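One structure below.
Every number in this text was worked out from the coordinates using simple rules, so none of it is lab data. Keep in mind it's a predicted model, so treat the numbers as computed, not measured. FYI the Cβ positions are ideal-geometry reconstructions off the backbone, even for glycines, and counts take in every protein chain you see.
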Amino acid sequence: MEKGIFAKKTIESLLKDASNTKHGFKRALGPLNLIGIGIGAIIGAGLFVLTGDAAASAAGPGVIISFLIAALVCFLAALCYAEFASLIPIAGSAYTYAYVAMGEFFAWIMGLALTLEYLFSFCTVAVGWSGYFNSLLRDLGLEIPSIISKAPLLHSSQSGWVLTNSIVNLPAMIIIGLIGWLVSRGIQTAAFLNNLLVYVKVGVIIIFIGCGLAYIRSDHLIPFIPQNTGFFGEFGWSGIFRGAGIVFFAFVGFDSVSTLAQEAKKPQRSLPIGMLGSLAICTLIYIVFGFVLTGAANYRTLGVEDSIAVAVRAFGPNFTWLRYVVNFAILSGLTSVILVMIMGQARVFYAMAHDGLLPRSFGKIHDRLGTPFFSTMVVTIIGMIIAGCFPIGILGKLTSMGALLAFGMVCFGVLILRFSQPKLHRPFKTPWSPLVPLLGTLSCLILMVLMPFVIWIQLFLFLAIGCAIYFLYSAKNSKIRNGL
């Protein structure tokens, strides 16, 4: 039995501890709720912004193939997540899985990776929400002054950090504060709001697809894979794979379903359904959406932030109204991502505090609301400060890296547990093991290697700070290491 920083938890102790919690979570989520939450987390800025960018700069109409490749990597990870979620239906998600399979220190690293994915993701999305909200107001003849709607700090590779003329990004802070407060009121309230937002954005996507199918031009789709320009990643098959890396961010979020294990009815059955179901539905939506987008407008014109507006203009003057509807759907989509990511991050901190790795207050459940109220409020306040002060370029760079690190560790954890504890009862088994978890691990590593070097530097700095916190506080207060 490993000791020290590599001490592991047993599945039996985890399940017993969860069932004996005096003030536990309220189990209110069924499979349909979890699928809705998964869709709410997945469909956001990735679909509305990155599809056009990937088509214009890398893949052309072949962005559809890029979506399939990115989805395949996520499905490999989702199958491994589903096995762990059915085996260990605990709120800590991948953090808890790593604690069982690899030990406490790697669980801490997983917690850091999830923080990169969840915290930085909803901060990035909130800054994007602010921009789209101001754009919608401009279309209506109104506008929020830039002094209170832009980040006070800006960063570029040439000039480094510079001050802008702005004080704070107030809309980004307000949307995080509002959603954080709603999430803290109870899981049923959050699930209802998320489902409402999902209906809105999926409904508008269906309207966009339905209107656009009649305006698809075959010459826009030929050649389906444009000829490579002579540089790696600029069209051709290398561009298809570069496009897969770009749109990978569009699939991040399905794993947040696993953080709701202790609020799900029959979690061993409903969690795999929620993760795999939401991922399958979003993949289908992405493929059809990409087909309509690149069929209605020439892919060369889509390298802008409002690529959907470019396609809507290609429909003709009779569809001006659709631009306003689409903008509203984008705001709904971004809002639901913020909601789910706040829920996920709060529950990861809850699990870490429950193990003594964070202060005890993070591990408390509100007596009346049945939510990790303190954890949610702290996550909300931190998110408001980050989103209010920093630009979207800085916030977004680490999100995909954190997700890839978490996905890769989960896939590798399935391999370890299959060999170390082969006789465990697994309600859901990853098929074709060890091939699927091995391919999932390697796929995540390859996509990480292809990331720019500057992102690796940022990752190592973040992990270094996290490790310092672990050895100065967490290792000394760990329950398992202190025999508690």
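Remark: for residue pairs 265/476; 8/476; 8/429; 429/476; 429/479; 9/476, the C-alpha separation exceeds 25 Å in 265/476; 429/476; 429/479. For the chain, list log₁₀ I(q)/I(0) at each q in 0.08, 0.10, 0.14 Å⁻¹, using the Debye formula over Cα point scatterers of equal strength and ignoring solvent, two decimals each. For the requested q values the scattering log ratios are -0.46, -0.72, -1.42. Calculated on the Cα set of region 175-293, radius of gyration then Dmax: 18.9, 55 Å. Computed from the mean reciprocal separation of all distinct C-alpha pairs, what Kirkwood hydrodynamic radius does region 363-431 have, in Å? Roughly 16.0 Å, rounded to one decimal.
In the chain, taking the dipole from charged Cβ atoms about the Cα centre, the farthest positive-side position among 352, 40, 81 is held by 352. For the peptides 31-38, 143-150, 66-73, 366-373, the ranking by packing is 31-38, 66-73, 366-373, 143-150, with the highest mean count of neighbouring Cβ atoms within 10 Å listed first. According to the Kirkwood relation over distinct C-alpha pairs, the hydrodynamic radius of region 382-484 is 16.7 Å.
Could you work out the helix-only [θ] at 222 nm for the chain, with each DSSP H run of four or more residues adding -39,500 (n - 2.57) and the total divided by the number of residues, to the nearest 500 deg cm²/dmol? Show your work: numbers first, answer last.
On the way: 16 runs with 299 residues, N = 484.
Roughly -21000 deg cm²/dmol at 222 nm, from the helical runs in the chain.
According to the square roots a ≥ b ≥ c of the eigenvalues of the Cα gyration tensor, what is the shape class of region 38-106, taking rounded for a/c under 1.5, prolate for a/b larger than b/c otherwise, and oblate for the remainder? Prolate, because a/c is 1.5 or more and a/b exceeds b/c.
Tell me whether region 234-311 comes out rounded, prolate or oblate; compute the Cα gyration tensor, take square roots of the eigenvalues as a ≥ b ≥ c, and use a/c under 1.5 as the rounded threshold. Before the final figure, lay out each step's value.
Numbers: a/c = 3.04, a/b = 2.41, b/c = 1.26.
Since a/c reaches 1.5 and a/b is larger than b/c, the shape of region 234-311 is classed as prolate.
By other beta-carbon atoms within 10 Å, ranking 76, 163, 357 with the fewest at the front produces 163, 76, 357.
When Rg and Dmax are taken over the Cα atoms of region 106-209, they come to 17.2, 52 Å.
Quick one, could you list the DSSP H helices from the chain stretching 15 Å or more along their long axis (Cα atoms) with average Kyte-Doolittle hydropathy of 1.0 or above? Please list the in-between numbers first.
Numbers: long enough: 31-42 (16 Å, 1.76); 63-87 (36 Å, 2.35); 104-139 (52 Å, 0.88); 170-184 (21 Å, 2.21); 187-212 (37 Å, 1.72); 236-247 (16 Å, 0.83); 267-296 (43 Å, 1.40); 320-354 (52 Å, 1.19); 373-389 (24 Å, 2.18); 392-420 (42 Å, 1.73); 435-449 (21 Å, 2.44); 453-469 (25 Å, 2.55).
Passing helices, by number: 31-42, 63-87, 170-184, 187-212, 267-296, 320-354, 373-389, 392-420, 435-449, 453-469.
Computed as a quarter of the hull surface, the mean projected area of the alpha carbon convex hull for region 435-484 stands at 5.3 nm².
In whole percents, the pair-distance distribution calculated for region 300-364 from its alpha-carbon pairs, binned every 10 Å from zero, is 19, 26, 19, 14, 15, 7, 0.
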